[in-house]
Each structure stands twice: as C-alpha cells, then as structure tokens.
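**Student:** Sharing a structure below in structure tokens format, with a few things to ask.
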Amino acid sequence: MDNNKDCSMYTEHVDSGKRKVTLSLTVNGHQVVRDVDPSMSLLHFLRDNIKLFGTKEACGEGECGACTIIMNGKAVTSCIVLAVEAEGAQITTVEGLAKDGKLSILQEEFISEDALQCGYCTPGFLMSARALLDSNPNPSDEEIVEVLSGNLCRCTGYIPILNAVKRTIEREQKELGR
Amino acid sequence: MAKAEYKSKYKRVGQRYDRKDAREKVTGQAVYTYDLELPGMLYARCLLSPYARAKIVSIDTSKAKALPGVRAILTGEDSDILVGLYMQDKRVLSRGVTRYQGDVVAAVAAEDEETAERAISLIDVVYEPLEPVHDVDEALEGKILVHEDINELKHYVGVFFPQKDSNIASWNKSKKGDLEKAFAESDLVVENDFSLPAVAHVPMETHVSIVQADPFSNKIKIWSSAQSPFAIRQIMADSFGVSESDVEVHIPYVGGGFGGKAGIHLEPLATLLSKAAGGLPVKVRATREQEFNQLPTRAGMRGRIKTAANKDGKITAMQAVYDWDSGAYADYGVNVGKTAVYSGIGPYSIENACIDSKTIYTNKVFSTAYRGFGHLETHWSIERQIDILSQKLGIDPYEFRMMNLLEPGDKTMSGEVITESSGNPKECLTAVVKEIGWTGRKTEEERQREWKTGKVRGKGFAMLQKAPAMPANTATSVVMQMNGDGHVKMMIGAVDMGQGAITALSQIAAQELDMPIEDIEISAQIDTRSNPYDWNTVASKLTFLGGNAVVKASHELLHKMKVIAGQVLRTDPENLLHANGEIYHPHNPNRRLSYKDIALGYMYPDGSGIGGPLIASGSVVADGLTNLHPETGQGNPAAVWTFGAHAVEIEVDVETGSVTVLKVASAFDVGQVINEKLIYGQICGGVLQGLGSALLEGYKFNKDEKLMNPSFTDNKIPTMKDMPVEIVPIYIENPQHNGPLGARGVGEHPMISVPSAIGNAVYDALGINFHVLPLSPEAIVLGIQSGKKSILCTDVDCLPGRL
Ligand code: FES
Ligand code: FES
C-alpha cells in the first residue's frame, strides 16, 4: 500500500513522538472521527481504535479474506488498506449487516445452510458475498466461486457457503424484489 | 449438490437443527481469544532460531531492555521449564541449543506489539550452526541425537517407548500369527513404500494465549485458543510445580483447531512472561508465518508395506513399518505413532500381521495431532497397497476388498472381536461404489482413447476406520441444572471449536428429556473453575463419551423430577412418565406437573416447599479399554470404531497434470445421525481437507531444514475453486449398543482416505501408481513424462522424469 500517500489534507499533530492524522469516516452508518497513526491498517483501526472486533485477522497479508469489509461499496481486505485511505469513506463491517434488530437474509441463510463452523472466516465471507450481491444481484455459480475463492475457510469445505449465497439470491429476489 | 434425504426415527436426535453458536458468529458477536483485551495487558513477540540446529553461544538483550515500553525479556537462561504432553522434551525457551527453526530463543513482553517487535530486532544472538538431522533415515542412524538427554526424559511409561541413545521418541509394536510362514506359503507377496509430507492444520485463528500469573500466589489464569482446557491445566500444573486447582483455563470461541490446538503451546511462555512482568496479563499470538513454522504440524510419514495374498484373493499376511518424522519434539506425535500399531492394517481381517511404528525426532517443525491422526497417513499406504495388490492379482478392487473386510467374529489388529454392533465396513463400501457407478477398472484401450481428448477420467475408492485414540481411562462429565423457567443449563468440559458439539449434545439432552432444544442452555465457552472435567477435545470421542454422559445426566434429572412429582401427585415416582416438558401420570392426565413447576423445588399453595433446585450429573469413563501389550500390541484400545469409505470420480488434464474432483461419495456407519446438517458439514469440510492433503499441501524444507513455504502464498490450502463438483453423503445406521442412542463419532473420519481414493482413481485414469503425496500437477506431469508405472518419489530432483 502507498505509505507515502499525501496526508496534507489531514490535520497533523504530534502525540508522544508519533505523527498522527485526524481521520473521519462513516462506519456502519455512524460518523467516526479519530486521530490515527498514518501507518495503521484499516483492520487495526476498526479493531483496536473503534473496538469493532467482528472483523478478523488471519494472515495480515491480504491472502485470506478474513478481514474483508465493504468500503464505498467494494469488498476490501482491510489488513492491507491504510486507515488513512478510508478518509471520508462509507464502511460496512459484519456488525452493520443486521438492520433494525433483524438479521439480514444473507446471515439467516448462513445459519440455516450451516455455512460456518468455527466462525472465524465468517465475517469475511459475509462481507465478500454482500459486496458481490450488491453489485450483481444475480451472479452465476462461477461468478460466486470466482469472488469467494479469495476467502479461505478451513472448516466448511465451502459447499454450504455456496449454498447459502445461492439461497440468499433466491430469497432476495423474492422478498426484496432485487 | 445432491444430498440424500435423511429421515430420523427420533423427534429431536437426527433432526437438522441450526447450530447453537451460529447467531453469534454471523453477527460478529462471537469473542475469540484473538479479540480479548485485559486491563494492563502486555503483548509478546518471540525471537525464533534461524537455524534448524544450532548452539546458542551468547545472547545480548541489553539494547532491547533499554527500549521504552519493554516490560520483560526472557531467554533460556531465565527458565528451565520443560513441557510435553507424553514426553517432557520441550523447553519453553531454548537453552544451549535450538532444535528446529521455530524454537523460541528469546521473548519480549511490551506495552504494544510494535515495541515488542522492535525489541526483538534489538536482541543480538551469536549462534554456532550445527549439522541438523534431516530425515528419518539419518535419524535412525543415530549419529546425531536431537535430544542428547533422551534417556532421562520424563514420559508416559508403559504406553510410549523411547529408545536409549537414539532419536526414537517411541517405538510401538504389534504382531499376531506367523508372518514368515505366511509370506513363504502365499501365492503373491508385494512390497511397497508410500510417503507423505508434513502438512499444516491451518486454523484460521492462529494460536493465541493470554496468561496472568499472580505474583502473590501460585494462581495462573489462562485464556487460550485451545482444544483441551483440562489437559492444559494438568500439564501446566506438572511443569510449573503447582496444583491443578491453581491453574484456571478459560476457552473463548476457538477459530479452528483440527488437533493443532489439542496440546499445550503458547501458554507456558505467556506464563513466564507474565511472571517476569510482575503479574500483568501477557498476550502471545502467532503470526501466520509462525503458525506455519513455529507451531506444530502433521508429521511426515513413510510406510513400508509388505503384503501376501493367495490367487483366490485372500490376504494372508501384512507387515507394516511406519516411520514418522515428528520433528524436534514428540508432543502428540508419539500417540499418532501408537495408533498405527492397532489401526495400521486398515479394516481388514488378516491373520498374520506385524506393525512397527516409530515416532522419530529430526530437526524439523515438530508434529502433533491432526484430524484423524495417524489414519490419513496409514490409510494412504494401506489403501494404495490394497489397490496395487488387486491389480497384480487381476481381481476387481471392490471384490478384493469385500473378500477381506472385517465382519462379525473377525479380529482387529489388536485382537478385539468385531460384533454386529461394531458397524459394517462392507455396507459402507458397497454404498459408495454403487453411488459412483463403478463397473470395473478402465482397460488400457479405454485410457488411450480418452487420452486423445486431453482429459482422462478415473474412478477410485478407499476404506477407512478410526477409533478414538485415547488413554484407557479417558473420562468426561456433564452437569445439568434446571433454571427457574424450566430450561436446562448444561455444562461440559470439552470445547466446541466448530464441530458442533454443543448443538449435538443439546439434541441428545432434548431427546432424553423430551423438551425443546432451544430450552437447553449451553455455552461453547469453557472455564475450568466451573465446567466439569473432560480429558481432551480430540479423537471424535465427544459424541460417544460426552453423549453417554448427557444421557446419564438426563436420566438422573428425570429421576429427581419424578421423585418430587411423585410426592406432589401422591404416587410412586415409578408410575410417572415424562413428555413435552412435563411429568404426568399415564392413567390420569390431569395429574401432571411441568418441569418449570419443580425446577427450583415445588411450592405448595401455602408457600411451603419441597425439593430444591434440580441438579444432575453424568460421568463416563471409557469402558473396558486396556493399554496395549508392549511387544505384541494386543489389548483393547478402541472404545468405538467408526468405519467408512469414500469413492471418487476425477478428471486428469494430461497436459497440465491438474486433477479435478468431480464427485465424492462418502459413507460412514455412524450408528445414528445426531444432526444431519452438522454431519454434512463435517463431511464437506473433512473431504476438502483431505483433498488438500491429496492434491496441494505439504511442507517444503530446504537442505538446512528451513521451511520454504510458511505463508498462504506458498503453502496453499483449498479454496472454493478446489471444491468437488458434488459430495454425496451416505449415512449407515447400524447402532452401537453402548453409544448414545446408538451413535458413533464421525468428526475426523471424512478426511481419512480421501487421498487414497484419489490416488486409486488416478491409477484408474492413467494406469500409473503414485506412492507419494501430494498429487500436484507438477508431480502428475512428471509422472506421465517418466513413462513409468510406479512413481515412488516426486521431489523435483529425484523424479524419474528429471533424472
Ligand atoms: S487478514 Fe487480511 S487477508 Fe488475511
Ligand atoms: S468456519 Fe472455520 S474457517 Fe471457516
């Protein structure tokens, strides 16, 4: 990632010897303003700074998809995105999927198809699948596999995950008229 | 994704309930050790040995100590603590020498991870590199000893057999019949080597532990991503010289284990660091790279199998020599070696047999339990050997297996008698062979014809068996308490790391108590202070042993309820029945009480009470098991066998060498399905892990035994693209007379024999016998190019194609 990103647009100040910048963004519909170390990853910002622990880390190198979140409508692996790159962004994490006290169809189908076991990869899969269905409400099996093959799961063997996404597509068409 | 419709004869057991932990896991509420923060918590980093074997000449930590924010630095000079599950052979911090390139040389606890990381980079160590022990052959020569103190190492006596002045951590043996006579008198004797590399478990949550060691007492508090809280408690107590009750172990949600978290790993180091930092909690977490190169793996293995058979297809003798490359430490590795001596001829009835299984130290990443331990490996050897034997005899491989599989009255390797209630391997094989439409092996002409299209299909199958590998006196327990609302709070000591244990056990409780599963309150989180004892969460033992404990506790709870209800309803408790959360009198339906009415004791209209809060327990110890005889391996090691079979259809691209798995049919004699959704999940997940071992995975070491592929980029595991097109699960239900509602465990089994079935299918497709895993595209192409019919080695530099 671009460590030399021009940070002049952020307010800079010195805090215990470390240069910090002020970052403002929207996470799950809430406005968040925080001072951050410019080298901090978005993943660590979400977990350590705003204490949203639903987003998981499993490699820290952009290889497993466990840390996937949605930034401005796109799925990104937050471990290799700098927090400062999210200035002004709209972020959705797993904590933002359920609305009005009700699980989303995607979450319900993950439960009912048993698309999770240990659950550690689950937030990442949910976010990758959500971003896919938001951009393409009716993807083919091949398209689903192509996108979700960026996420690793060691427990489920993937078949239940694929089934859950396919069931979600059907139900969203029927129930939400997508 | 076709699935056979399954119908259960029970109201709650066998039904497709959602897993109890699912809601927390899809909403991001599930808290894993990785997520935990404690007040004042410090973060640790480790300095690992850069050499497979080296002398530590000097360590200078002064620069690191001076770094602000550093709260503790430890080296081997600060602690002499030895740990180990069955052999106390591992120093928490290396002292004097390092034994693999993941040995911890120094560790730092600091206020944040970055500071800890910087401090590590400031530690100066002078090493004198030593020649490592590279492989099992070199190890067996014994010129260099990985553990010079092997003769003094404390170990589990009578079960494991370290050999004097050698690199053999344990040599387990079994034999029966007259091997030499059988070899001399049989029509055909075939001898082959098979091998497979070390493979990583790859839990998505890496190992992570937090420990707070109270400086004012012996108390040690542990939070860990671990499978076996009570084993950690016991080993910590042994190693640190405190009482078991001084150690409290908390297990939050665990992000995958597969055996890799079955023993004790980062907990002792975190304990030492916490002590050194004045009792502040210290979190030690493995990076993904450390997960690969510091934490343990599945051992690499070589099996040498010699088998004799008669022309009519009867196997008369089998000799197996298994050499396990356990790396630097024994950990679970010795137990893996031990299972091979009672399960290492597969589910066959063979009168004359002999097995030698050696768990061997080398200077590689050490090994531990991995799903179905010892079995994927031994079955790779056995099931390929059986297939090769059938080729030589010119007998169909299905018929050949059917002639030799165990049936009631036959004896296993260790002499246990198979009965009607042991499960039926033949039924499993027949079911999967039928499912893939097996009609016999391809002829050479058929292969040639298909070859021209660039893609060749093949079918293959393999048997599998496994019994829980556990000490003869393995025990578990369950406590049930009734809440005021009539719900049952159930506590177990085993960990649900995704296998679905809490849901399955709740179903058994709900079935026995005849109440809604939603009203069984159970948590995946374990705290050794309050949860009852369980030996280890391993070995697919929980459904069986834990299930039996749940049945016992349920019956005790029902009995207690009926005693109180009998007083209230003025009848002998024996006259009462239970259904739908109520105790009632069958002849007078008005005489009934709901569980809720007696949950905390019954209250009469005048306010007086009887009974009191309902509480029950169930304790179970494995029944009738014995240690094996050290020389003959005879005894009763298996509480319950689960038999199964896989059949696969594959397609090999003869240009690229890639193998596509089109269909997998998997049958297991589970006795009784507890939850069809969960079991299907175990099958899909296990099959894909097996497919990883078959086609992609394996550690690669350089000549200095440094791991070359400690990352997801180079150590690939299957992704959604590797998923078989179709997995067909088949559940066979011959009840186990002493299992809970007849059930047997099946958590590990789906992984076993997937490589063997694929290897057999590759033979069907190409007419080439591969003896080495993984069957990577490179290996297949080089195998084809070599023009040979047996591929014994697929290391790039020893492949025939490259010679
Ligand atoms: S943790 Fe970000 S991709 Fe693995
Ligand atoms: S559910 Fe465990 S890694 Fe996917």
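The values are calculated or read from the model by the stated rules, or taken from the named source; none is laboratory data. No experiment lies behind these values; they were computed from the predicted model shown. FYI the Cβ positions are ideal-geometry reconstructions off the backbone, even for glycines, and counts take in every protein chain you see.
**Student:** Evaluate the stretch A:87-95: report whether one residue or more is within 16 Å of ligand 1 (Cβ to nearest atom), of a type outside the set (A, V, I, L, M, F, W, C) and within 12 Å of chain B (Cβ to nearest Cβ).
**Tutor:** Taking every residue of the stretch A:87-95 in turn, at least one turns out to be within 16 Å of ligand 1 (Cβ to nearest atom), of a type outside the set (A, V, I, L, M, F, W, C) and within 12 Å of chain B (Cβ to nearest Cβ).
**Student:** Given (1) within 25 Å of residue A:118 (Cα to Cα); (2) away from ligand 1 (no atom under 14 Å from the Cβ), identify the lone condition not met by residue A:67.
**Tutor:** Every condition holds for residue A:67 apart from (2).
**Student:** Kindly indicate whether residue B:582 is among the charged types (D, E, K, R), free of Cβ contacts under 8 Å to residues at least 24 places away in the same chain and surrounded by fewer than 17 Cβ atoms within 10 Å (Cβ to Cβ).
**Tutor:** no
**Student:** Limited to the stretch B:49-107, what total is found for residues that are of a type in the set (Val, Ile, Thr) and closer than 19 Å to residue B:277 by Cα? Steps first, please.
**Tutor:** Residues of the stretch B:49-107 of a type in the set (Val, Ile, Thr): B:56-57, B:59, B:61, B:70, B:73, B:75, B:81, B:83, B:92, B:97-98, B:104-105.
From what is left, the residues that are closer than 19 Å to residue B:277 by Cα are B:61, B:70, B:73, B:75, B:81, B:92, B:104-105.
So the count comes out to 8.
**Student:** Let me ask another. Condition (residue is of a type outside the set (Val, Ile, Thr), crowded, with 24+ Cβ neighbours inside 10 Å, touching a Leu at 6+ places or on another chain (Cβ under 8 Å) and free of Cβ contacts under 8 Å to residues at least 40 places away in the same chain) applied to the stretch A:119-127: is it met by at least one residue?
**Tutor:** yes
**Student:** Considering only residues that are within 26 Å of residue A:105 (Cβ to Cβ) and either in contact (Cβ under 8 Å) with a residue 12 or more places away in the chain or facing chain A (nearest Cβ under 7 Å) (or both), which ones fall in the stretch B:25-39?
**Tutor:** B:25, B:26, B:27, B:28, B:30, B:31, B:32
**Student:** Could you grab me the full set of residues in the stretch A:125-150 that are closer than 23 Å to residue B:500 by Cβ and either away from ligand 1 (no atom under 16 Å from the Cβ) or facing chain B (nearest Cβ under 9 Å) (or both)?
**Tutor:** Those that are closer than 23 Å to residue B:500 by Cβ and either away from ligand 1 (no atom under 16 Å from the Cβ) or facing chain B (nearest Cβ under 9 Å) (or both): A:126, A:148.
**Student:** Same structure again: Applying the selection to the stretch B:200-221, what residues are among the hydrophobic types (A, V, I, L, M, F, W, C) and touching a Lys or Arg at 6+ places or on another chain (Cβ under 8 Å)?
**Tutor:** Those that are among the hydrophobic types (A, V, I, L, M, F, W, C) and touching a Lys or Arg at 6+ places or on another chain (Cβ under 8 Å): B:200, B:202, B:204, B:208, B:210, B:211, B:213.
Residue by residue, here is whether (1) hydrophobic (A, V, I, L, M, F, W, C); (2) surrounded by fewer than 24 Cβ atoms within 10 Å (Cβ to Cβ) holds:
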site	(1), (2)
A:96	no, yes
A:116	yes, no
A:144	yes, yes
A:155	yes, no
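**Student:** Considering only the stretch B:375-431, state which residues are among the β-branched types (Val, Ile, Thr) and either on the phi > 0 side of the Ramachandran plot or touching a Lys or Arg at 6+ places or on another chain (Cβ under 8 Å) (or both).
**Tutor:** B:386, B:417, B:418
**Student:** Moving to a separate point now. Which helices (runs of 4 or more DSSP H) does the stretch A:62-178 wholly contain that include 3 or more residues that are in contact with a strand residue (DSSP E or B) (Cβ under 6 Å, 6 or more places away or on another chain) and within 16 Å of ligand 2 (Cβ to nearest atom)?
**Tutor:** The qualifying helices (runs of 4 or more DSSP H) are A:122-135.
**Student:** Identify all residues within the stretch A:96-113 that are within 10 Å of chain B (Cβ to nearest Cβ) and touching an Asp or Glu at 6+ places or on another chain (Cβ under 7 Å); write none if there are none.
**Tutor:** Scanning the stretch A:96-113 gives A:111, A:112.
**Student:** May I ask you to list pairs of residues, at least six apart or on different chains, whose Cβ atoms are under 8 Å apart, with the first in the stretch A:64-84 being within 12 Å of chain B (Cβ to nearest Cβ) and at positive phi and the second being of a type in the set (Phe, Trp, Tyr) and part of a helix (DSSP H, G or I)?
**Tutor:** Hits for this filter: A:65/A:125.
**Student:** May I pose another question? Go over the candidates B:747, B:767, B:690, B:686 one by one and state the one that is within 14 Å of chain A (Cβ to nearest Cβ), touching a residue at least 60 places away in the same chain (Cβ under 8 Å) and farther than 30 Å from residue B:512 by Cβ.
**Tutor:** B:690
**Student:** Something else: Condition check: away from ligand 1 (no atom under 16 Å from the Cβ), in a loop (DSSP other than H, G, I, E, B) and polar (S, T, N, Q). Does residue B:335 satisfy that?
**Tutor:** The answer is no for residue B:335.
**Student:** Taking interchain pairs and intrachain pairs at least six residues apart, which have beta carbon atoms under 7 angstrom, with the first residue in the stretch B:203-217 and in contact (Cβ under 8 Å) with a residue 60 or more places away in the chain and the second assigned to a strand (DSSP E or B) and within 16 Å of ligand 2 (Cβ to nearest atom)?
**Tutor:** Between residues of the stretch B:203-217 that are in contact (Cβ under 8 Å) with a residue 60 or more places away in the chain and residues that are assigned to a strand (DSSP E or B) and within 16 Å of ligand 2 (Cβ to nearest atom), the close pairs are B:205/B:32.
**Student:** Can you tell me which residue is nearest to the other protein chains (Cβ to nearest Cβ) among those in the stretch B:482-505 that are away from ligand 2 (no atom under 16 Å from the Cβ) and under 26 Å from residue B:260 (Cα atoms)?
**Tutor:** Checking each candidate, the answer is B:504.
Matching residues to (1) hydroxyl-bearing (Ser, Thr, Tyr); (2) at pLDDT 95 or above; (3) closer than 30 Å to residue B:635 by Cβ:
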| residue | (1), (2), (3) |
| --- | --- |
| B:585 | no, yes, no |
| B:590 | no, no, no |
| B:596 | no, yes, no |
| B:601 | no, yes, no |
| B:614 | no, yes, no |
| B:618 | no, yes, yes |
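**Student:** May I ask you to say which residue of B:721, B:677 is surrounded by fewer than 24 Cβ atoms within 10 Å (Cβ to Cβ), closer than 21 Å to residue B:539 by Cα and facing chain A (nearest Cβ under 9 Å)?
**Tutor:** After ruling out the rest, the residue left standing is B:677.
**Student:** Within the bounds of the stretch A:51-61, is there any residue that is more than 14 Å from ligand 1 (Cβ to nearest atom), free of Cβ contacts under 8 Å to residues at least 12 places away in the same chain, farther than 17 Å from residue B:288 by Cα and out of contact with any strand residue (DSSP E or B) (no Cβ under 9 Å at 6 or more places or on another chain)?
**Tutor:** Yes, the stretch A:51-61 contains at least one residue that is more than 14 Å from ligand 1 (Cβ to nearest atom), free of Cβ contacts under 8 Å to residues at least 12 places away in the same chain, farther than 17 Å from residue B:288 by Cα and out of contact with any strand residue (DSSP E or B) (no Cβ under 9 Å at 6 or more places or on another chain).
**Student:** Considering only the stretch B:397-409, state which residues are touching a residue at least 12 places away in the same chain (Cβ under 8 Å) and over 12 Å from residue B:641 (Cβ atoms).
**Tutor:** Looking only at the stretch B:397-409, we keep the residues that are touching a residue at least 12 places away in the same chain (Cβ under 8 Å), and these are B:397-408.
Correct list: B:397, B:398, B:399, B:400, B:401, B:402, B:403, B:404, B:405, B:407, B:408.
**Student:** When you go through (1) in contact (Cβ under 8 Å) with a residue 40 or more places away in the chain; (2) surrounded by fewer than 21 Cβ atoms within 10 Å (Cβ to Cβ); (3) farther than 22 Å from residue B:304 by Cβ one by one for residue B:369, which number turns out not to apply?
**Tutor:** Condition (2) is where residue B:369 drops out.
**Student:** Listed residues B:662, B:688; which is at pLDDT 95 or above, aliphatic (A, V, I, L, M) and surrounded by fewer than 20 Cβ atoms within 10 Å (Cβ to Cβ)? Please lay out each step first, then the result.
**Tutor:** Working: B:688 fails: surrounded by fewer than 20 Cβ atoms within 10 Å (Cβ to Cβ).
Sole residue among the options that is at pLDDT 95 or above, aliphatic (A, V, I, L, M) and surrounded by fewer than 20 Cβ atoms within 10 Å (Cβ to Cβ): B:662.
**Student:** May I pose another question? Kindly list, by first and then second residue, each pair from a residue in the stretch A:151-173 that is more than 7 Å from chain B (Cβ to nearest Cβ) to a residue that is crowded, with 22+ Cβ neighbours inside 10 Å and hydroxyl-bearing (Ser, Thr, Tyr), limited to pairs with Cβ atoms under 7 Å and residues at least 6 apart or on different chains.
**Tutor:** These pairs meet every condition: A:151/A:68; A:151/A:128.
**Student:** Take the stretch B:506-535 and flag every residue that is away from chain A (no Cβ under 14 Å) and under 25 Å from residue B:207 (Cβ atoms).
**Tutor:** Scanning the stretch B:506-535 gives B:523, B:526, B:527, B:528, B:529, B:530, B:531, B:533, B:534, B:535.
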